[in-house]
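Undergrad: Below is a structure I'd like to ask you about.
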Amino acid sequence: MTGSDSMTALLYWPADRVDHLETMRTAARAADPFQVRMVESLDALDLSRARAFAVSDAHMDDSMIDMIRRAPRLEFIQLLSSGSEATAAASLPAKLAISNAPGIWAPSVAEHAVALLLALTRQLPYLLDLQGRHEWRPDLVRPRLHGLEGMSVAVVGCGAIGRAIGARLAPFGVTRIGVSRTGAGAPGDAFDELAPVDSLAQVLDRVEALFLSVPLSDATHHLIAGPELQALGPNGFLVNTARGPVVDSQALVHALTTDQIAGAAIDVADPEPLPADSPLWTTKNVIIAPHVGSHPSNPLTAGRRLGALLKGNLERLHHGQVPENLIR
């Protein structure tokens with residue numbers, strides 16, 4: 001097989017989004033022998049001859065959706081993201097096969113999630129505050145510190161990101177409970193046990209930390225609200241790297257201000273960007289990151305992973321086979 005006899009494939013990532021630009025350029029090159037042309041400007045994007053199109057769910061606005069609907073030869077969309085909310089909500093032609101990329105960003109998001117929990121348990125924001133005031137106060141810091149060793153944690157969502165979180169927690173000596181829709185299957189290396197989401201309240205009574213790594217859907221909207229936060233308890237920590245609306249923001253503010261939980265770290269918000277007047281900005285014991293968890297520590301490695309996924313799905317499409325990670 002050569003690039004000349006493969007289908008026309010385009011990958012769109014705007015040049016002004018420098019956060020993943022090197023990753024996307026690497027991915028386009030790594031899909032060889034398929035000729036994946038990188039397009040870095042919406043004005044230069046022409047889908048009239050494309051059979052396959054790689055694009056992030058974040059770029060699925062009305063103009064992009066309209067362009068896809070009018071593409072006469074388009075058969076396949078490879079999302080460059082694990083999230084697919086905008087794409088799933090769009091009314092796209094039934095002939096289109098659409099896949100997402102759940103495992104590409106898992107290492108980065110998992111590292112970010114574990115770092116956020118460590119920042120909460122080891123009181124890094126408080127230490128930085130004392131540093132800014134030039135205060136050496138071990139007497140104030142020591143009573144606030146927590147350790148991961150011996151802790152029990154729940155990871156809600158056992159996909160690629162959830163499993164990566166579980167695997168990275170193993171060296172800390174924690175008990176890891178993976179919570180999925182059914183709780184079926186073997187725990188594997190990522191978890192010590194699995195539980196169904198219907199038993200979430202009982203799981204939260206047993207753990208000191210809760211990680212969220214589920215996609216946003218009707219079933220997961222406000223999955224974590226007042227009762228769940230209360231069940232997590234005054235020594236519990238919440239880390240959300242999923243989607244903002246998975247957590248009821250008002251309930252989270254209330255739980256933090258009334259000491260129903262010990263702290264929270266969020267890499268996502270509802271809405272995004274988080275408004276300047278949101279009470280979360282000034283709520284105690286919360287760390288807010290601006291949805292940066294997926295940024296890879298090594299863009300070339302992430303790009304090669306993404307390129308391998310894209311290449312594999314283009315190859316399946318070329319041979320009339322079903323692409324991996326289909327969402328519809």
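Undergrad: Based only on Cα atoms, what mean projected area does the convex hull of segment 109-202 have, in nm²?
TA: 7.1
Undergrad: Okay, next question. With label points built 7 Å along Cα→Cβ from the Cα atoms of residue 182 and residue 278, find their separation and express it in nm.
TA: 3.5
Undergrad: Say we join alpha carbon atoms closer than 10 Å with springs in a Gaussian network model of the chain; which of 32, 57, 139 then has the biggest fluctuation?
TA: Judging by the Gaussian network model, the answer is 139.
Undergrad: A further question follows. Please give me the summed charge of the neighbours of residue 9: other residues whose Cβ is under 12 Å from its Cβ, Lys and Arg +1, Asp and Glu -1.
TA: Net charge around residue 9: +2.
Undergrad: Based only on Cα atoms, what mean projected area does the convex hull of segment 155-203 have, in nm²?
TA: So the Cα hull casts an average projection of 3.0 nm².
Undergrad: Give the accessible surface of segment 49-167 per residue, rounded to a whole number of Å², with probe radius 1.4 Å and ligands, DNA and RNA excluded.
TA: Counting only protein heavy atoms, the per-residue value for segment 49-167 is 45 Å².
Undergrad: Still on this model: Provide the solvent-accessible area of residue 310, counting protein heavy atoms only and rolling a 1.4 Å probe, rounded to the nearest 10 Å².
TA: 10
Undergrad: In percent, what relative contact order does the chain have, based on Cα pairs under 8 Å that are 6 or more apart in sequence? Working shown, then result.
TA: Numbers: 638 pairs, mean separation 59.2, N = 328.
This gives 18 percent for the chain.
Undergrad: From the square roots a ≥ b ≥ c of the eigenvalues of the alpha-carbon gyration tensor of segment 25-85, which class results: rounded (a/c under 1.5), prolate (a/b over b/c), or oblate?
TA: Because a/c hits 1.5 or more and a/b fails to exceed b/c, segment 25-85 counts as oblate.
Undergrad: When a/c reaches 1.5 or more, the comparison of a/b and b/c decides; with that in mind, is segment 177-308 rounded, prolate or oblate per its Cα gyration tensor?
TA: Judged from the Cα gyration tensor, segment 177-308 comes out oblate (a/c at least 1.5, b/c at or above a/b).
Undergrad: Also: Where the only charges are on Cβ atoms (+1 Lys, Arg; -1 Asp, Glu), what is the dipole of the chain about its Cα centre, to the nearest 20 debye? The partial results should precede the final answer.
TA: Numbers: 27 positive and 35 negative charges, 153 e Å.
That gives a dipole near 740 debye.
Undergrad: Treating each Cα of the chain as an identical point scatterer and ignoring solvent, apply the Debye formula and state log10 I(q)/I(0) at q = 0.07 Å⁻¹.
TA: Taken in order of the listed q values, log10 I(q)/I(0) reads -0.32.
Undergrad: Let me ask another. Within the accessible area of the chain, what % is carbon and sulfur when the probe is 1.4 Å and the other protein chains stay in place?
TA: It is 52 percent, rounded to a whole number.
Undergrad: Select from 203, 227, 320 the residue farthest towards the positive end of the dipole of the chain; place +1 on Cβ of Lys and Arg, -1 on Cβ of Asp and Glu, and compute about the Cα centre.
TA: Result: 320, furthest along the dipole toward the positive end.
Undergrad: Rounded to whole Å and ordered largest first, report the semi-axes of the equivalent ellipsoid of segment 61-108 derived from its Cα gyration tensor (root of 5λ).
TA: Values: eigenvalues 96, 27, 15 Å².
In descending order, the three semi-axes are 22, 12, 9 Å.
Undergrad: Length gain on complete extension for the stretch residue 46 to residue 128, per 0.36 nm per residue less the alpha carbon to alpha carbon distance?
TA: The span from residue 46 to residue 128 would gain 24.6 nm if fully extended.
The values are calculated or read from the model by the stated rules, or taken from the named source; none is laboratory data. Bear in mind the structure is a predicted one, so any value in this text is a computation, not a measurement. Positions of Cβ are backbone-derived with ideal geometry, glycine not excepted, and every protein chain shown enters the neighbour counts. Only protein heavy atoms, including side chains, enter the accessible area calculation; ligands, DNA and RNA are left aside. Shrake-Rupley method; radii C 1.70, N 1.55, O 1.52, S 1.80 Å.
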